[in-house]
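Here's the structure we're looking at; comments come further down.
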Amino acid sequence: MSLSGPLTGRASGRSQDRADVELRVPADSAYVSVLRTTTAGLAARLDFPIDDIEDLRIAVGEASAMVLPEADEEADLLCRFFMRPHELTVTVGVTSARGALQPDYDSFAWQVLTTLATSASADTSDGRFTITLTMESGHPEVGL
């Protein structure tokens, strides 16, 4: 299946800050499977290879595992998807009153995340703890 037409906000007249897909679920690990399944569906829509789709599913699970313990009570887990040809960027975040959190860059979850995704970053601004990961189909930086 291939996509026709623009995938970015700029090309379609939408703001580039507006996600193509946004999911808000309770900040509970029971809902992470919904994010993982949505991620797989969108990656398939972008014609990602099966291995990349599975890597994305795992990376989104790890990002969720990093942000969920920091969530405020009654917070939502917000996942935003930005689609471009052969590229999917996913942000996973929660509101957190704990202040300027820093992810544990030596943790197993961060190591898995940065190994599977093309790029990953963390942000703790505006009272939110957010992990952003980008996957380029086929990991072009290593020539696959």
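Taking the Cβ of ALA71 as the center, what net charge do the other residues with Cβ under 11 Å away carry, scoring Lys and Arg +1 and Asp and Glu -1?
Around ALA71, the charge tally is -4.
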inquiry  = Roughly how far apart, in whole Å, are the Cα centres of region 16-44 and region 58-100?
reply    = 9 Å
key: Stretch gain in nm, segment ARG18-ALA30, where the contour uses 0.36 nm per residue and the Cα spacing is subtracted   = 1.7 nm
Cα→Cβ-extended label distance, 7 Å offset, between ARG45 and GLN111, nm = 3.5 nm
task = Report the percentage of all Cα-Cα pairs in region 14-109 whose separation exceeds 16 Å, rounded to a whole percent.
result = 56 percent
request  = Compute the label zone of GLU73 within region 16-38: residues whose backbone N is under 19 Å from the point 7 Å along Cα-to-Cβ.
outcome  = 26-29
note = FRET efficiency for ALA97 and SER121 from the Cβ-Cβ distance with R0 = 25 Å, rounded to 0.05, comes out at 0.70
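Every number in this text was worked out from the coordinates using simple rules, so none of it is lab data. Given the structure is predicted, the values throughout are model-derived calculations rather than measurements. Every residue, glycine as well, gets a Cβ built from its backbone with ideal geometry; the counts of neighbours run over all protein chains shown.
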